[in-house]
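The values are calculated or read from the model by the stated rules, or taken from the named source; none is laboratory data. Since we're looking at a predicted model, the values are computed, not measured. Reconstructed Cβ throughout: ideal geometry from the backbone, glycine too, with neighbour counts over all protein chains shown.
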Amino acid sequence: MRTVLENVRFLLSEVAPEKLGPCGAEVAFVGRSNVGKSTLLNALCGRTLARVSSTPGRTRTINVFLAGHDRWLVDLPGYGYVAGRPAQAEGWGAMVEGYLTGRPTLRMVFALVDAKVGPTRLDMEMLDWLAAKGLPWRVVAAKADQVKPSRTVARRREVAKALGVGPEALAWVSAARGVGMPALRAETAALLGK
């Protein structure tokens, strides 16, 4: 069965969220600068779309990918570590906030946390902010391959407890090994579905 994720292509990069045009439905990805948003997006679509840098904090724009007619996947700049001068980062928070609060067609914000590290203070602040704004969100525990197999069940429970959710509420994924990717792909396609 074909999904909207089979022929995804880069559409545009923008720093001014108010300049983004309308779309029918969109899903956004947020997280710390080194949590692997671009890598996850590439694995989700089955090919290289988003540029992956060896230096965290290189995504500095709202990157939009077209997933079928007027369906978007949106890769947002990471928070935390910033590559470059601090002055360059000053407007990033306002840019991301402007995007997240200004998109009536935003169906889900996938908030990525590092499965091995667990949620950081910045991750918790982002989740609290999303909840306070009434935005739909779901936590994706990325880089699950970095957790030893013997620790997977316990670590998933620990991360979920730190987030105040049940383990089943976490999408536990590894872009490198494909763990959890079919379910996340199906969920994303359903959110964008027509």
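Some points to look at:
- Count - residues of the stretch 102-123 that are closer than 15 Å to P136 by Cα and of a type outside the set (S, T, Y): 10
- When every residue of the stretch 97-109 is checked against the conditions, at least one turns out to be assigned to a loop (DSSP other than H, G, I, E, B), at pLDDT 95 or above, surrounded by 16 or more Cβ atoms within 10 Å (Cβ to Cβ) and of a type outside the set (D, E).
- Remark: pairs (first residue in the stretch 16-38, within 14 Å of W72 (Cβ to Cβ); second residue of a type in the set (F, W, Y) and in a helix (DSSP H, G or I); Cβ separation under 8 Å; 6+ apart in sequence or on different chains) = P17/Y99; L20/Y99; A28/Y99.
- Residues of the stretch 53-65 satisfying the condition of being modelled with pLDDT of 65 or more and either assigned to a loop (DSSP other than H, G, I, E, B) or in contact with a Cys (Cβ under 7 Å, 6 or more places away or on another chain) (or both): R60, T61
- Of all residues in the stretch 161-184, those satisfying the criterion of being closer than 25 Å to N42 by Cα, among the aliphatic types (A, V, I, L, M) and surrounded by 13 or more Cβ atoms within 10 Å (Cβ to Cβ) are L170, A171, V173, A175, A176, V179, M181, L184.
- Scanning the stretch 95-131 for residues that are among the hydroxyl-bearing types (S, T, Y) and closer than 20 Å to S38 by Cβ returns Y99, T120.
- Enumeration of residues in the stretch 126-159 that are β-branched (V, I, T) and in contact with a Lys or Arg (Cβ under 7 Å, 6 or more places away or on another chain): V147
- Cβ-Cβ distances below 6 Å connect the following pairs, each with a first residue in the stretch 131-147 that is touching a residue at least 12 places away in the same chain (Cβ under 8 Å) and closer than 27 Å to R177 by Cα, a second residue that is among the polar types (S, T, N, Q) and surrounded by 12 or more Cβ atoms within 10 Å (Cβ to Cβ), and a separation of six or more residues or different chains: A144/S174; D145/S174.
- Taken together, the criteria place R157 among residues that are more than 17 Å from the chain's Cα centre (by Cα), of a type outside the set (V, I, T), modelled with pLDDT of 95 or more and not in a loop (DSSP other than H, G, I, E, B).
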